[in-house]
Amino acid sequence: MRRFLIQGLVRRPLTESAPQPEAASRHELAETLAGVVRAKLGRSLSIRHVDAGSCNGCELELQALSNPFYDLERFGLHFVASPRHADVLTVTGPVTHNMAEALRRTYDAMPEPKWVIAIGDCAKDGGCFAASYAVAGGVAAIVPVDLHIPGCPPDPTALLKGLLALLEQMDTAVRSG
Amino acid sequence: MTDLSDLAWTRSRHFRSAPIATTTVDATRWIGLTSALAAGRVTLLSLWAEAGGAALMALLDAPAHRVAVVRIEAHGGGFPSVGAHHAAAQRLERAMTDLYGLTPRGAIDTRPWLDHGRWGIAHPLGDAAAVPSDRPPYPFLPVQGESLHVVPVGPVHAGIIEPGHFRFTAQGETVVRLEERLGYVHKGIDGLMAGAELARGAEIAGRISGDSTVAYAWAFAQAAEAALSLTVPERAFGLRGLMAELERLANHLGDIGGICNDAAFAMMLAQTSILRETVLRAAKTAFGHRFMRDRIVPGGVSGDLDAQGEAAIRSLIQEIRDRFPAIVDLYDATASILDRTVSTGRVSADLVQAFGAGGYVGRASGRNFDTRRDLRYAPYDMLRLDVPVRVEGDVNARIWLRIREVEQCCSLITQMLNALSQGPVFADPGFPGAPREGLGLVEGFRGDVLCWLALDAEGRIRRCHMRDPSWFQWPLLEAAIEGNIIADFPLCNKSFNCSYSGHDL
Ligand code: SF4
């Protein structure tokens, strides 16, 4: 274990040395995101996630946001375990009838002000499951949606961009109260 | 003893290249087969219903490397229950009743499973009927005894995971029973498949369980190609194999760290999630999508691998070979994590055998079965594969199984790249001209994914049944947690990592 700890001290963070061609834009995105969170919120933002019927693909990319490449927490954005602690609700999947009530109750349990992000093509209108007897529709069929992030699934960069877009459209007056 | 020899058995290489024969049996014969299942002479691969009233089951004769599909007409909407004698069939039967309205006669557990009374109709794929609005709440199994308390969890869970409900009955800290309730993400996939074109079917198949999109798309393609007796170009097999092993790698790497993280050993997750992300980026470079979704289609694959993609995969394998051993050492040398994983969440060899549990759940408890070796398909028939098996059946064994499989993936990927032939990667599936049925079986990271596909003369889907490995693993999780403390549930659960979406369909 010591080896890993020492390595962690001496090795440059992965977030800065990613060799991919889009790495530069990813880095820029990270900077902007951190700046907006500070300016608009002056503190951290708590996100609660509900899978309302997804195939689990969208969840995997949301989980990836916490890996050392994206490290969501450095922006003050973090996932919380209870809707009562959350500012933002992320929802994936076509909303199944079997999950509709659980989604609504999770939303109701969140304190105001609150925002909802619908994630993935399914969350928009049910996607490729839209016509089913078991599907209620997109997220907006059950709770009000502030932002939709398209993709099947949206990759972590698209998710970061979406979070940034939401932060930018948030009303600062509400937040400063 | 029931005679099994008159069933239309097919060996693996034959059922993937030609339509599958189905043996139609009467009730007596069917009951005989259920006793053969109960006695462990054959293994249940799946059990499903057809609109219009028939029950089908797929059987595996593992020592002989052959499978058979059996059908019984459901006269009066009923058929003799398999679950009454063979527990592994119970939830499948409950789902058949919910969706198709078929009654397994003599069934022990007749509660609904996927139907939560919220669709507005009963038996949506049978003769759909309106649901009475005063339907009683779901009856959980009764518990009796002193100082028991019940802890309900879910469907919404604390982490970024899929929804399901767990009801723990505990005495102090110790779990005396776990009862699962699933079906929350039921999307009606069987219904969406019925009547769909082949291309649409492939699209849906790849969205049944997001972490296994390659395995599902492949199983679907296999079934379609068998039904159409289609010859797939050799290079396509190689590319499919590469995708399947990349998918396995990504999932195993993510989960090895994820399990440790559920015991609060976050460093393992940080390390393995770096490698997992590296796999996904390589997949994106090589195949254009991080999860390689929609890349496998009936007839072959939808895009070719270029030199840059091949280089990305080779350098990925090198990176894993360089960095993974130190991560394994970290796990193996940290007594505090081993203290949590060793002897926790044990599943007995008898249970995995009886349930025919596939994947690391089965192999960590001594069930030496892997579709890639035992029901071989291209390109694995030309490769060297060592299937790791352990016997302890605890969380630690499941972690080691996955560690060994990561190493196997690296070896297989290198072998496949070296053996990759040149040439086309797609052959037009065409039309069957007559109704045909095909069977596909693919080893996903979680275990064997089965697809039984019936096409009509125009090539549209009449019925598509896809069975996730989780059907035979979820029930074992209930057994694994017994006698453990509630705090160890996340650890046990993650070590199984069953699919909700794949199971709920
Ligand atoms: S958008 Fe795609 S990845 Fe997300 S839930 Fe739907 S099918 Fe799955």
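Okay, here's what the table says:
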item	result
Point-to-point label distance, residue B:197-residue B:65, nm (Cα→Cβ direction, 7 Å offset)	3.9 nm
Average Cα contact separation per residue, chain B, under 8 Å, 6 or more apart, as relative contact order %	19 percent
Whole-number percent relative contact order across the range B:89-201, with pairs defined as alpha carbons under 8 Å at least 6 apart	18 percent
Separation in nanometres of the label points that stand 7 Å from Cα toward Cβ, at residue A:108 and residue B:414	5.8 nm
Over the range B:416-505, relative contact order from alpha-carbon pairs under 8 Å, at least 6 apart, %	20 percent
Where N is the number of residues in the range B:358-500, Cα Rg divided by 2.2 N^0.38 Å	1.28
Modelled FRET efficiency - R0 30 Å, residue A:131 with residue B:87, Cβ distances, 0.05 increments	0.30
Most to least accessible of B:6, B:115, A:71 (protein chains only, probe 1.4 Å)	B:6, A:71, B:115
Exposure of residue B:259 as accessible area (Å², to 10), given a probe of 1.4 Å and all protein chains	0 Å²
Intensity falloff of the range A:85-177 expressed as log10 I(q)/I(0), Debye formula with alpha-carbon point scatterers, at q = 0.15 Å⁻¹	-0.58
FRET efficiency, residue B:108 to residue A:81 (Cβ-Cβ, R0 35 Å, nearest 0.05)	0.40
Selection from B:412, B:438, B:452 lying farthest towards where the dipole of the range B:384-456 points positive, charges on Cβ	B:412
FRET E, pair residue B:431, residue B:336, Förster distance 56 Å, beta-carbon r, rounded to 0.05	0.35
Three principal axis lengths of the protein assembly as shown [C-alpha, angstrom, descending]	73, 63, 51
Carbon and sulfur %, accessible surface of the range B:121-181 computed with the full protein complex present, 1.4 Å	56 percent
Total charge dipole magnitude, the range B:189-504, about the Cα centre, Cβ charges on Lys, Arg, Asp, Glu only, Debye to nearest 20	240 debye
At q = 0.11 Å⁻¹, base-10 log of I(q)/I(0) for chain B (Debye sum, equal scatterers on each alpha carbon)	-0.93
Segment residue B:174-residue B:128, extension gain: residue separation times 0.36 nm, minus the distance between their alpha carbons	12.2 nm
When the convex hull of its Cα atoms is projected in every direction, mean area for the range B:298-385 (nm²)	9.2 nm²
Heavy-atom accessible area order for B:16, B:398, largest first, 1.4 Å probe	B:16, B:398
Directionally averaged projected area (convex hull, Cα atoms, the range B:18-117), nm²	6.6 nm²
Exposure ranking of B:225, B:173 by accessible area [1.4 Å probe, largest first]	B:173, B:225
Simple spin-label estimate for residue B:391 and residue B:319 in nanometres, 7 Å along Cα-Cβ	4.0 nm
DSSP beta bridge pairing in the range B:10-105, given as percent antiparallel to the nearest 5	75 percent
Qualifying aspartates and glutamates (Cα of each under 13 Å from Cα of residue A:124; at least 8 residues distant if same chain)	A:146
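The values are calculated or read from the model by the stated rules, or taken from the named source; none is laboratory data. Remember, it's a predicted structure, so these values are computed and weren't measured experimentally. Using ideal geometry, Cβ is built from the backbone for each residue, glycine included, and neighbour counts are taken over all protein chains shown. Surface accessibility is based on the protein's heavy atoms, side chains included, excluding ligands, DNA and RNA. Shrake-Rupley method; radii C 1.70, N 1.55, O 1.52, S 1.80 Å.
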